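Data first, discussion second: the structure below is written as structure tokens.
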Amino acid sequence: MVGTAVPVGGCMALQESKPETDSAAASIVDEIEQEDLEAECKAEEAASIRESEDEAAEAEAILDGPPPDLPLTLTPPEPQRLEAGTEWAGTGAFFNSVTNLFELRTKPAARFVGQCSAAELRSVSDFLLTVAAAERDVDVVRAETV
């Protein structure tokens with residue numbers, strides 16, 4: 001039986017059984033190792049069950065207990081509604097840009113080809129249409145309140 005490790009508790013069992021052959025001794029060693037492995041598995045399973053029970057008890061205590069003390073939250077202020085009459089940093093630039101485009105609309109479009117990409121022009125166009133639609137919505141609200 002060279003090279004076979006016998007668990008500490010298995011030495012006495014191996015000596016008491018007095019195997020006559022190496023295969024009989026190996027069989028006893030295998031049984032002892034299997035028993036030790038099963039005992040370890042049972043111990044790990046029991047520890048896992050205890051841990052699960054502890055976690056379940058902790059979760060139940062949290063769920064059944066009073067609500068936690070949370071810091072007071074500040075009510076966010078109402079958002080400011082910026083309308084056309086509100087002065088902001090971009091108002092002048094927007095007005096000047098629209099005025100410039102208004103003056104340029106009488107010029108031949110060929111003069112401006114290649115100055116900006118088609119995507120940029122579409123983006124500006126979409127923005128201006130959005131502003132025009134918002135102006136229309138404001139006019140409807142004003143008409144309804146009169």
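For this structure, a couple of remarks:
- Of the criteria (1) open to solvent by less than 100 Å² (accessible area, probe 1.4 Å); (2) modelled with pLDDT of 90 or more, which one residue 93 fails: (2)
- Residue list for region 99-125, filter: of a type in the set (Ser, Thr, Tyr) and assigned to a helix (DSSP H, G or I): 99, 123, 125
The values are calculated or read from the model by the stated rules, or taken from the named source; none is laboratory data. Model, not experiment: these values are computed from the prediction. Ligands, DNA and RNA are stripped out before the accessible areas are found, and what is left, the full protein with its side chains, is counted by its heavy atoms. Shrake-Rupley method; radii C 1.70, N 1.55, O 1.52, S 1.80 Å.
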